Amino acid sequence: MSYEPLVIAFLCFWCSYSGADLAGMSRMEYPANIRVIKVMCSSRVDPTHVLYALKNGADGVLISGCHPGDCHYVNGNYRTQRRAALLGEMLKQLGIEPERVRVEWVSASEGEKFARIVSDFVEELRKLGPNPLKKESVEV
């Protein structure tokens, strides 16, 4: 049985979700390993949401929002950027590869970029293998 990673994607309503929608409407191909959660701003994604997703079966988490400077809430994506750096350090301490969490900026007109990001991320997760947290929670 081949390993297929599961990706939970938190997409900002204003930009990234529209970019994903454009990719879908334009029939751009990208892996179906992604499950989308729409949020009003990438800064609404709390680190506990990411940890919850990883503990409950996700192999990777994608957080995507507007490009820096284009945030509808002025500085939400800058907050996301700072939190992601701290989250990466926390994941290292927990023994989880920080590469399992990715932050990307996608505008509403970048459907092709969204499809490429998802394809690259799924491929990277295939190389990393299954999430070690998932194994532990299954064994319990």
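Summary table below
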| read-out | value |
| --- | --- |
| Boolean, residue 18 is over 19 Å from residue 120 (Cα atoms), within 13 Å of the chain's Cα centre (by Cα) and surrounded by 14 or more Cβ atoms within 10 Å (Cβ to Cβ) | no |
| Cβ pairs under 6 Å, 6+ apart, first in the range 70-92 and without any contact (Cβ under 8 Å) to a residue 12 or more places away in the chain, second in a helix (DSSP H, G or I) and hydrophobic (A, V, I, L, M, F, W, C) | none |
| Selection status of residue 48, in a helix (DSSP H, G or I), within 12 Å of residue 16 (Cβ to Cβ) and among the hydroxyl-bearing types (Ser, Thr, Tyr) | no |
| Residue match in the range 79-100 (condition: in contact with a Phe, Trp or Tyr (Cβ under 7 Å, 6 or more places away or on another chain), under 24 Å from residue 17 (Cβ atoms), of a type outside the set (A, V, I, L, M, F, W, C) and open to solvent by less than 50 Å² (accessible area, probe 1.4 Å)) | no |
| Residue match in the range 37-49 (condition: within 15 Å of residue 121 (Cβ to Cβ) and of a type outside the set (Asp, Glu)) | no |
| Verdict on residue 63 being buried (at least 20 other Cβ atoms within 10 Å of the Cβ) and either outside any helix (DSSP H, G or I) or at pLDDT below 95 (or both) | yes |
| Test: residue 113 is open to solvent by 40 Å² or more (accessible area, probe 1.4 Å), out of contact with any strand residue (DSSP E or B) (no Cβ under 9 Å at 6 or more places or on another chain) and not aromatic (Phe, Trp, Tyr) | no |
| Checklist (1) touching a residue at least 60 places away in the same chain (Cβ under 8 Å); (2) under 14 Å from the mean Cα position of the chain (by Cα) applied to residue 56, failing item | (2) |
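The values are calculated or read from the model by the stated rules, or taken from the named source; none is laboratory data. Just so we're clear, the structure is a prediction, and the values are computed from it rather than from any experiment. Please note: Cβ atoms are built from the backbone with ideal geometry, for glycine as well, and neighbour counts cover all protein chains shown. Surface accessibility is based on the protein's heavy atoms, side chains included, excluding ligands, DNA and RNA. Shrake-Rupley method; radii C 1.70, N 1.55, O 1.52, S 1.80 Å.
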